[in-house]
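The values are calculated or read from the model by the stated rules, or taken from the named source; none is laboratory data. Not measured: the values here are computed from a predicted model. Cβ sites come from the backbone with ideal geometry, for glycine too, and all protein chains shown count toward neighbours. Calculation scope for accessible area: heavy atoms of the full protein, side chains included, ligands and nucleic acids excluded. Shrake-Rupley method; radii C 1.70, N 1.55, O 1.52, S 1.80 Å.
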Amino acid sequence: SQQGEEDPQALSIQEGENATMNCSYKTSINNLQWYRQNSGRGLVHLILIRSNEREKHSGRLRVTLDTSKKSSSLLITASRAADTASYFCATDAGDYKLSFGAGTTVTVRA
Amino acid sequence: EAQVTQNPRYLITVTGKKLTVTCSQNMNHEYMSWYRQDPGLGLRQIYYSMNVEVTDKGDVPEGYKVSRKEKRNFPLILESPSPNQTSLYFCASSFTVAGGADGYTFGSGTRLTVV
């Protein structure tokens, strides 16, 4: 079952701008993770935020989590061409798997 | 290099011809899982394995089989492939069921076309 839903489905920005994407989910979770996928390749883990955390940073990435609204956001600051990819949120709801959304496709224009 | 290796990368086959997609990891991970990715549907879990000889169904197990005879290998078997199994398949592994701090490590994917 698809737990998370990303919004928007697609995003196009200029190099140097910030990119923000959101994830909404349905059930309570232990943690939420964000992954990046380059053009049909395998997903790469970016960052994990636990249910008792509200914000987390990793390099140019900032993740927030609002468990009352069942939503998370991923901000990529000062985007680069190499950030062009699809981004997925994945939730751990304690059911022996990560549940992934359909992803947000980000295009960074030079 | 720590990695999950899937083979083949691309496969075109005919309806009904049994096939196996191999998956191997070199990180001594206990948890392994298979997902399929279809446009607009994200990744859906097919089967997972908590350890050797321990496997269970995911969300879309129909038409698939798996086995876990060794810790490092987790092959996906399609006994009688059908066109609706045309998809991009990913194997993933981790130390824990939900990845923990390092998340899942994914293979590069297998693009399967069933005609």
request  = Just need the relative contact order of the stretch A:43-104 here, percent rounded to a whole number, with Cα pairs under 8 Å and 6+ apart.
outcome  = 18 percent
task = Give the dimensionless ratio obtained when the Cα radius of gyration of the protein assembly as shown is divided by 2.2 N^0.38 Å.
result = 1.01
ask   = Cross-link partners among aspartates and glutamates for residue B:65, C-alpha distance below 15 Å, same-chain residues fewer than 8 apart left out?
value = B:53, B:56, B:79
inquiry  = Cut-off 13 Å, label point 7 angstrom out along Cα-to-Cβ of residue B:102: give me the residues of the stretch B:1-20 whose amide nitrogen falls inside.
reply    = B:1-4
remark   = With x for Gly and Pro, the residue-by-residue ³J(HN,Hα) of the stretch B:78-90, computed from phi through the Karplus equation 6.51 cos²θ - 1.76 cosθ + 1.60 at θ = phi - 60° and given in whole Hz, is 10, 5, 9, x, 10, x, 6, 9, 5, 5, 9, 10, 10
task = Quote the FRET efficiency, to the nearest 0.05, computed for residue A:12 versus residue B:65 with a Förster distance R0 of 45 Å and r equal to the Cβ-Cβ distance.
result = 0.60
request  = Give me a single rounded figure for B:88-98: the average over its residues of other chain Cβ atoms within 10 Å of their Cβ.
outcome  = 3
ask   = Ordered by residue, what ³J(HN,Hα) values in Hz, to whole numbers, does the stretch B:50-63 give under the Karplus form 6.51 cos²θ - 1.76 cosθ + 1.60, where θ = phi - 60° and Gly and Pro are x?
value = 7, 5, 4, 6, 10, 10, 7, 6, x, 7, 9, x, 4, x
query = Which residues does a label at residue B:11 reach in the stretch B:25-50, if reach means a backbone N under 18 Å from a point 7 Å past the Cα toward the Cβ?
reply = B:25, B:33-38, B:44-49
query = Chains B and A: buried accessible surface, both sides, probe 1.4 Å, rounded to 100 Å²?
reply = 1800 Å²
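Which value, in Å to one decimal place, does the Kirkwood hydrodynamic radius take for chain B when every pair of different Cα atoms is included?
That comes to 14.0 Å for chain B.
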message = Quick one: the Cα spread of the stretch A:52-97 along its three principal axes, in angstroms, biggest first?
response = 36, 22, 17
remark   = Residue by residue through the stretch A:70-76, the couplings from Karplus 6.51 cos²θ - 1.76 cosθ + 1.60 with θ = phi - 60°, in Hz, x for Gly and Pro, are 6, 8, 9, 10, 10, 10, 10
task = Take the Cα atoms of chain A, find their three principal axes, and give me the spread along each one in whole Å, biggest first.
result = 41, 27, 20
note = Amide H neighbours of residue A:84 at under 5 Å, excluding residues fewer than 5 places away on the same chain, with H built from the backbone geometry, are A:108
